[in-house]
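Take a look at the structure set out below.
Readers should treat all values here as calculations from the given coordinates under stated rules, not as data from a laboratory. For clarity, every value in this text was computed on a predicted model and none was experimentally measured. As a convention, Cβ positions derive from the backbone with ideal geometry for all residues, glycine included, and neighbour counts pool all protein chains shown.
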Amino acid sequence: MAAVAKQGMSAYEAARERTVLENKRKMEALNLHHLSAAVKEAPKTPSPMKQKRRRIIEDAVVVPSPPRRSRRLANLPEVKYAEIAPHSADRMTRSPRRPTDLIHLASRGSISMKARMEAARKAEELESQLDPEFPSFVKAMLHSHVVRGFWLGLPSHFCDTYMPKQDSIVTLVDEKDEEFDTNYLAYKKGLSGGWAGFAICHGMQDGDAAVFQLIKPTTFKVHIIRAASDDHSEEDE
């Protein structure tokens, strides 16, 4: 302890010094320094690698296997659809598009707010002249109704009171008594499939107004009021 005190070392430092000296003597006794030096100086030899064997794939003839069928259908005769396919002449053909179907593609000019309000006013006036026994409402046409999307939402209060509570086929009757079937979606309260055909066939445009009169539980009589474009207004002036 006196020697430690003379050197100015604490008890911890003195113990650590003794541990280091003891470990050093053990390493010298085991000759570890010489072994580590011999490992560093030894030449590095690459480890033997296992050579990869190339797989030679010969051209093989693929034999098509019969289609897998369930046990329940295994004993049934195979159906050849090519033999039962209808002749091309018997297939359903798309009916030629009528000129009225292209009306919605032609621009009618810009519709002013004044023209929209005038069409709605005329529609409301027409509605007031209808038989009050049959409920009705006025719907102003927007771009999403008659140009893109073709989704026609109906008044919520009207649907809650008069329309079916489940999805149904609703028939639209125009002023010439021609009928058009549409899909009424009860949850969304509007007309989807079939409405586009009615709107295109009658050349309905953004700004027009229509009066829907419920003449039967799932049948509307539809009266269309055209909105005058600004171009027509200028010509009339």
(request) Enumerate the calculated ³J(HN,Hα) couplings along the range 184-194 in order (Karplus 6.51 cos²θ - 1.76 cosθ + 1.60, θ = phi - 60°), each rounded to whole Hz, writing x wherever the residue is Gly or Pro. (result) 9, 9, 5, 5, 8, 6, x, 9, 10, x, x
(message) Residue by residue through the range 115-122, what is 3J(HN,Hα) from phi via Karplus (6.51 cos²θ - 1.76 cosθ + 1.60, θ = phi - 60°)? Round to whole Hz and write x for glycine and proline.
(response) 5, 4, 5, 5, 5, 5, 5, 5
(request) Go through 114/139; 122/189; 114/176; 122/165; 122/188; 114/221 and tell me which ones have a Cα-Cα distance over 20 Å in this structure. (result) 122/189; 114/176; 122/165; 122/188; 114/221
(request) Could you go through the range 209-216 in sequence order and give the Karplus-derived ³J(HN,Hα) for each residue, using 6.51 cos²θ - 1.76 cosθ + 1.60 with θ = phi - 60°, rounded to whole Hz, and x for Gly and Pro? (result) 10, 9, 9, 9, 10, 7, 8, 9
(request) Please sort by residue number the trypsin sites (Lys or Arg not before Pro) in the range 110-166 whose DSSP state is loop and whose Cβ has at most 11 other Cβ atoms within 10 Å. (result) 148, 165
(message) Would the range 125-210 count as rounded, prolate or oblate if I go by the C-alpha gyration tensor, calling it rounded below 1.5 in a/c and otherwise prolate when a/b exceeds b/c, oblate otherwise?
(response) rounded
(request) With a cut-off of at most 10 other beta carbons within 10 Å, and DSSP calling the residue loop, which chymotrypsin sites (Phe, Trp or Tyr not before Pro) in the range 150-204 qualify? Please list them. (result) 187
(message) What whole-number distance in Å separates the alpha-carbon centres of the range 136-202 and the range 113-134?
(response) 18
(request) Tell me which residues come under 5 Å, amide H to amide H, from residue 152 once H is placed; ignore anything under 5 positions away on its chain. (result) 191
